1. Scan (1) in contact with a helix residue (DSSP H, G or I) (Cβ under 6 Å, 6 or more places away or on another chain); (2) without any contact (Cβ under 8 Å) to a residue 40 or more places away in the chain; (3) within 28 Å of Thr56 (Cα to Cα) for the single condition Leu119 breaks and write down its number.
2. Return the pair list, or none, for Cβ contacts closer than 8 Å from residues in region 53-71 that are over 16 Å from Ile129 (Cα atoms) and at pLDDT 90 or above to residues that are among the small types (Gly, Ala, Ser) and surrounded by 10 or more Cβ atoms within 10 Å (Cβ to Cβ), at least 6 apart or on different chains.
3. Just give me the residues in region 83-137 being within 18 Å of the chain's Cα centre (by Cα), surrounded by 10 or more Cβ atoms within 10 Å (Cβ to Cβ), more than 16 Å from Ala65 (Cβ to Cβ) and small (Gly, Ala, Ser), in sequence order.
4. Does region 97-106 contain at least one residue that is closer than 18 Å to Ala121 by Cβ, in contact (Cβ under 8 Å) with a residue 40 or more places away in the chain and of a type outside the set (Phe, Trp, Tyr)?
5. Quick one: would you say Arg86 is within 25 Å of Asp59 (Cα to Cα) and at pLDDT 95 or above?
6. Step by step: first the residues of region 100-138, then only those that are not in a helix (DSSP H, G or I) and not hydroxyl-bearing (Ser, Thr, Tyr), then the one that is modelled with the lowest pLDDT. Which residue is that?
Amino acid sequence: MEGSKPKGRREKRRGASREGLKALFGGPGVEAEAAKEVAGPRPKAVAEEPEVRAETRMDAIARAAEEALSSPRITVHSPLTSAVLRYLKATRPRFSMSEELRLIVEDAIGRKYPSISELVAKAMLEKKIERLRQKVGA
């Protein structure tokens, strides 16, 4: 039967190459593909958040600020970033991967989303002040 799929488990798996050893050890573009795999996908450029109702936006900002203050950790899956930071930690005394990432990410987020960053920073400051007042009893 021509044109029919082969039976059993011999179907081509997603991402598999039909080139065999040539694809593994030196076909054209192998290095470029490996570099893409290591670096991971490039982030898509995202424009500023579209306009939404002011009340909804402020509610979302307040909620995001509250969540960030109670659970500030985020996770980044990037082999390249991990390797660079591990190298720096191994070669520089008192190097902090968390501090370095915090500085880089906060700077990038502030440049990419300036208006949102400003609103969130203000909301977080207000939440911190509110918490301090509650502790002091003022």
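1. Unmet condition: (2).
2. Ile61/Ala123; Ala64/Ala123
3. Matches in region 83-137: Ala83, Ala108.
4. no
5. no
6. The extreme case among them is Ala138.
The values are calculated or read from the model by the stated rules, or taken from the named source; none is laboratory data. None of these values were measured; they are calculated from a predicted model. In this analysis, Cβ positions are derived from the backbone assuming ideal geometry, glycine residues included, and neighbour counts consider all displayed protein chains.
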